[in-house]
Amino acid sequence: MVTFILIAVAVILVTIGLVKLVDKFIPSKFKPILTIALWVLIGFLGYQTYMSIYEPIQFNKLKNKRYKQVIESLIDIRDSQLAHKQVTGKFSGNFENLIKFIDTAKYTITQRRDSTIIDEELTKLYGVDTTKEIVIIDTLGYVSVKDSLFKTSQRYKTMMQVPAGEVGSKFKLQAGYLEQNDIQIPVFEASVKKDVILFDQNPDLVMQENQVISVDGVNGDVLRVGSMEEVKTIGNWPKTYGSAE
């Protein structure tokens, strides 16, 4: 972009020089046409230079606005998945089951307390009362997952829909297991391509955005939370868009 601006400015300056040369050396009968043509060219190049600066600024404003909307939905998906894992021990691989889970599932409220009891085996072995420490988990009650996560909001029922970008687009949701030290660990990933979020923007600017590698940007060509390749539940966006944790 900087190179283009420099070239455009140089061409404008050259064109202005040509206008002066036309005024000085070209016969009077040709001056009006050539002068008008050159000023039109100057106006066109000036407009192109202005747009080369203005359009990326507007693109970034729109991009940031849409990313924030998308990230809010990804956070809802992550919270729902973490609740699903807490209750069932695994993540859900499709939105239909995840929504049904939120509608019906409950957290179990428990209380842990330490207690001391007679160790019957040691007492029998040594002939004297011998005690041991144990942990007792009491169930105090249950609370709705829906009420805990969303209270009175119904937005979880449409969390599969990408809230900004191409109409009708949906997040891609995956779930499975990764093996580490012979242990199967549940993982999930929810994602959407930047091309979908920015479908109606300048293709050159979208292509540049897909290639971003920056501490302050969303690296790569997707927005995602979780991973099918690593054991993590964080998002891939920087803190400027809110916490990824």
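Number of residues in the stretch 142-186 that are open to solvent by 70 Å² or more (accessible area, probe 1.4 Å), assigned to a strand (DSSP E or B) and closer than 28 Å to Thr108 by Cβ: the value is 5. Going through (1) touching a helix residue (DSSP H, G or I) at 6+ places or on another chain (Cβ under 7 Å); (2) touching a residue at least 24 places away in the same chain (Cβ under 8 Å); (3) of a type outside the set (Val, Ile, Thr) one by one, Asn210 falls short only on (2). The residues of the stretch 187-223 that are under 16 Å from Tyr67 (Cβ atoms), open to solvent by 60 Å² or more (accessible area, probe 1.4 Å) and assigned to a helix (DSSP H, G or I), listed by number, are Asp195, Gln208.
Return the residue satisfying two criteria in turn: it lies in the stretch 124-136 and is open to solvent by 100 Å² or more (accessible area, probe 1.4 Å) and not in a helix (DSSP H, G or I), and of such residues it is modelled with the lowest pLDDT.
So the residue we want is Asp129.
The values are calculated or read from the model by the stated rules, or taken from the named source; none is laboratory data. Since the model is a prediction, treat every value here as computed from it, not as a measurement. Using ideal geometry, Cβ is built from the backbone for each residue, glycine included, and neighbour counts are taken over all protein chains shown. Side chains are part of the model used for accessible areas, which takes the heavy atoms of the whole protein and leaves out ligands, DNA and RNA. Shrake-Rupley method; radii C 1.70, N 1.55, O 1.52, S 1.80 Å.
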